[in-house]
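Engineer: Pasting in a structure now, in structure tokens, and then I'll have a few things to ask.
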Amino acid sequence: MSHLTEFQTFLLLSILKVVVVVVITLTAVAYTVLLERKVLGRIQNRWGPSRVGPFGLLQPLADGIKLFLKEELLPLAAEKPLFIIAPIIALSCSLISIAVVPFGQVQHVTANGISVDIFNIADLDIGLLVILGITSIGVYGIALSGWSSNNKFALLGSLRATSQMISYELALGLSLVGVVLRAQSLSLRAIVNSQSAHGLLSWNVFGGLQFVAFFIYLMAAYAETNRAPFDLPEAESELIAGYHTEYSSMKFAMFFMAEYANMITVACVATLLFFGGPSSPFGNLFPAIGGPIIAAILPIFWFVVKVFAFLLLYIWVRGTLPRFRYDQLMSFGWKFLLPLAMANIVFTSLVLALHAK
Amino acid sequence: MQLALFIIFGALAVAGALNFLFQRHPINSALSLVVVMMSLAVLYWSLGAEFLAAAQVIVYSGAIMVLFVFVVMLLNAGEEERTRGSRAAYVAGFPGAAAIFCLLSFVFLTERKALGAVSLGGHLNHAVSNISEISTLLFRDLLLPFEVTSILILVAILGAVVLARKEQ
């Protein structure tokens, strides 16, 4: 390795981290789909996929092969370049935001004079803003897909999706302000550290008194990812499939993967901001067991458990709640969530100001 | 590295701006504008202004341009028709634009010290958190202009609501 310059080493290590994280995320996406089909099946008193492999565990693989081999259809009246770019925007935006998520405690590995944090692709001072920014860019994927396919159902679906995402972005952003005020930083590591003092008791959702913010975040995040009970953009009983009606084969799969990758990102952010991220729920109650390797892996275990719990909650909600009506959705976002988020900001800053005195 | 970033994204911004002018369809033009804004955000970041970069992406590309695209989609605006252009635009426009360009670049180049120029990528390697600096500036030193601007925006929103409301 000694013939590489520091910059080249850094670049290689970063590419390695990116590849590993993308592979893990995509695998997680595939198995989240399977998890959803299984759990929804059990909720609806049926088995779900059970034929391919033991317990249907190879089903995502079979689905992937099927989607790869399907014919790629391009509607005659579609706006070609935008029609092709739209799924790319959707998927890449949902994957990029994983880059700032810290998966574990800081774990530096030194190679060739460069020390790299292996459990975080990029530790930015404004990690939270980066996630919000990339989410807001992701709207283009959906908006353009509906418009460029020149189909009225797709257009209606994408108009719904766009207006829904713009409206709920506000409540989502405002709900995070309380957490940022408490941590006094926009860096995700700093936010995690601000709630790791006493384990479960110092998590933002309990000890941080950000329960209301968490509720707003959860609602807004469900709307942002276009999931039930806010899945109006693809309401299959009225819009066929919404914005991706005209897409087939891998282009459809890209939208599908983008939706689930967004779910995972949202679950990661909720874990980091409200549930202490990779820190243990027991705090320092138990003495540390095992060597340094266990100490490095245990935080990742907690992180994955929390994210998994959020994904289960997503699926549970989808299996339980009926879909909102469109005007209900809009008035809920603007007249209830937004004022509540503002009240939460005022309350949190008041409490913090009184504490500071 | 910083120079490479500047060349790539500066060229991308210029290309996006040109594409914005030459495209006939409003959606394509709006998307080129998004490309310009994103490249500008990268340039801000390479100058060390990371908060400004994020705000640029969230506000301009993520909110304002989405609304533009949304309106274009809703109105289903078609392709624009090309006209030959007026003679006056050719005679006065090109020299005028060139003159303004020369004047602005002259002012910026001669007064770069007074305007607070930084060398390219000067802050990228040791980026400090400039959120606190921006907030001190906005909420303490420039508090009055800031609040007046927000009232102005509020008035504009109210005006839009009044204009858009149907008469009962």
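Engineer: Could you line up B:LYS113, A:LYS70, A:LYS17 from fewest to most neighbouring Cβ atoms inside 10 Å?
Structural biologist: B:LYS113, A:LYS70, A:LYS17
Engineer: What do you get for Rg/Rh of the range B:129-168 when both radii come from the Cα atoms and Rh is the Kirkwood radius?
Structural biologist: Using Cα coordinates only, the ratio equals 1.30.
Engineer: Using per-residue counts of other Cβ atoms within 10 Å, averaged over each peptide, order A:44-57, A:309-322 from highest down.
Structural biologist: Descending mean neighbour count gives A:309-322, A:44-57.
Engineer: Among A:295-301, B:28-34, how do they line up by average Cβ neighbours within 10 Å per residue, starting with the highest?
Structural biologist: Sorting A:295-301, B:28-34 by mean packing, highest first, produces B:28-34, A:295-301.
Engineer: Shifting gears a bit: Please average, across the residues of A:119-130, the number of beta carbons from any other chain that are within 10 Å of each residue's own beta carbon, and give a whole number.
Structural biologist: Across A:119-130, the average partner-chain Cβ count within 10 Å equals 3.
Engineer: Peptide B:66-75: average number of partner chain Cβ atoms within 10 Å per residue?
Structural biologist: Per-residue shielding by partner chains comes out at 4.
Engineer: How would B:TYR44, B:TYR90, A:TYR326, A:TYR260 line up from fewest to most surrounding beta-carbon atoms within 10 angstrom?
Structural biologist: Lowest to highest Cβ neighbour count: B:TYR90, A:TYR326, B:TYR44, A:TYR260.
Engineer: Another one. How far is it, in nm, from the label point at B:VAL91 to the one at A:VAL23 when both lie 7 Å from their Cα along the line to the Cβ?
Structural biologist: A separation of 6.9 nm, rounded to one decimal place.
Engineer: Given the pairs A:LYS17/A:LYS70; A:LYS17/A:LYS306; A:LYS66/A:LYS251, which span a C-alpha to C-alpha distance of over 20 angstrom in this model?
Structural biologist: Result: A:LYS17/A:LYS70; A:LYS17/A:LYS306 exceed 20 Å.
Engineer: At a Förster radius of 45 Å, what calculated FRET efficiency corresponds to the Cβ-Cβ distance of A:LEU352 and A:SER50, to the nearest 0.05?
Structural biologist: Taking R0 as 45 Å, the efficiency between A:LEU352 and A:SER50 is 0.30.
Engineer: At a Förster radius of 41 Å, what calculated FRET efficiency corresponds to the Cβ-Cβ distance of A:TYR326 and B:PHE139, to the nearest 0.05?
Structural biologist: Computed FRET efficiency for A:TYR326 and B:PHE139 comes out at 0.60.
Engineer: Peptides A:100-107, B:133-140: what's the order by average Cβ count within 10 Å, highest mean first?
Structural biologist: A:100-107, B:133-140
Engineer: Using only atoms on other chains, find how many Cβ atoms lie within 10 Å of each Cβ of peptide A:162-173 and report the average.
Structural biologist: Other-chain Cβ atoms within 10 Å of each residue's Cβ, averaged: 2.
Engineer: What residue among B:PHE94, B:PHE70, B:PHE22 shows peak mean-square fluctuation when chain B is described by a Gaussian network model with Cα springs under 10 Å?
Structural biologist: B:PHE94
We did not get these values from a lab; they are worked out from the coordinates using the rules stated. The model shown is predicted, which means the values in this text are computed figures rather than measured ones. For neighbour counting, all protein chains shown are included, and Cβ atoms are generated from backbone atoms with ideal geometry for every residue, glycine included.
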